[in-house]
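Single-structure report; data block below.
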Amino acid sequence: MTAMHGTSIALLTTPHSAVLTTPPLQAHADKQSNDFFVFGESYGGHYVPSATYKIFTRNQALQPGEVSINLKGLGIGNGLTEPLVQYQYYGQMAYNYSIEKLGHPVLPLSTYQEMQSELPSCTAQIAACQNDTSQCAGAMQFCDSVLVEPYEQTGLSPYDFRKTCDYPPL
């Protein structure tokens, strides 16, 4: 749904679709020229680009009388944009990269090895999700449990392993 917030319009996305309507713009002609940005975080890394593209292509194909959305950009914070690639590096970041940057790993070798041993199952489930979206929730839950949670249990920030996590679990 879209919602009017003061002088801006918020585009809300759901796991199944980006819902875009223009009645708020039609009802508030004075807002039509406002800059419009689409923002998201985490799994929004999937939906923000799609929603932005939908707005962009819709603006290109407007019919007379339809309202253009003044799209100016998008932003993604800590986005999960390519899970098949990203999940492969959680263990390496927590073990190898921390050795390189801190001089020691942030989790035991046995935990790193267990994470790496679960990687083929994780990536297979993510690959299955690409063709059958009913598989996605289970894939994400499994991958998080075997690749993200071991790192979270260290109590370190997922954004900077030199620091403790101020707001667990992140």
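Annotations
- So residue 106, is it closer than 22 Å to residue 42 by Cβ, of a type outside the set (Ser, Thr, Tyr) and either in a loop (DSSP other than H, G, I, E, B) or touching a Ser or Thr at 6+ places or on another chain (Cβ under 7 Å) (or both): yes
- The range 1-88 holds strands (runs of 3 or more DSSP E) entirely within its bounds, and those carrying 3 or more residues that are farther than 30 Å from residue 120 by Cβ, modelled with pLDDT of 65 or more and not assigned by TED's automatic domain parsing to the domain that holds residue 148 map to 36-41, 71-77.
- Meets criteria (surrounded by 12 or more Cβ atoms within 10 Å (Cβ to Cβ), in contact with a Phe, Trp or Tyr (Cβ under 6 Å, 6 or more places away or on another chain) and closer than 19 Å to residue 45 by Cα) for residue 75: yes
- Single residue of the range 87-119 satisfying the filter (closer than 22 Å to residue 164 by Cα and polar (S, T, N, Q)) that is surrounded by the most Cβ atoms within 10 Å (Cβ to Cβ): 98
- For the range 45-84, a residue qualifies if it is touching a Leu at 6+ places or on another chain (Cβ under 8 Å) and small (Gly, Ala, Ser), and the qualifying residues are 45, 51, 68.
The values are calculated or read from the model by the stated rules, or taken from the named source; none is laboratory data. Since the model is a prediction, treat every value here as computed from it, not as a measurement. Note that each Cβ is placed from the backbone with ideal geometry, even for glycine, and that neighbours are counted across all protein chains shown.
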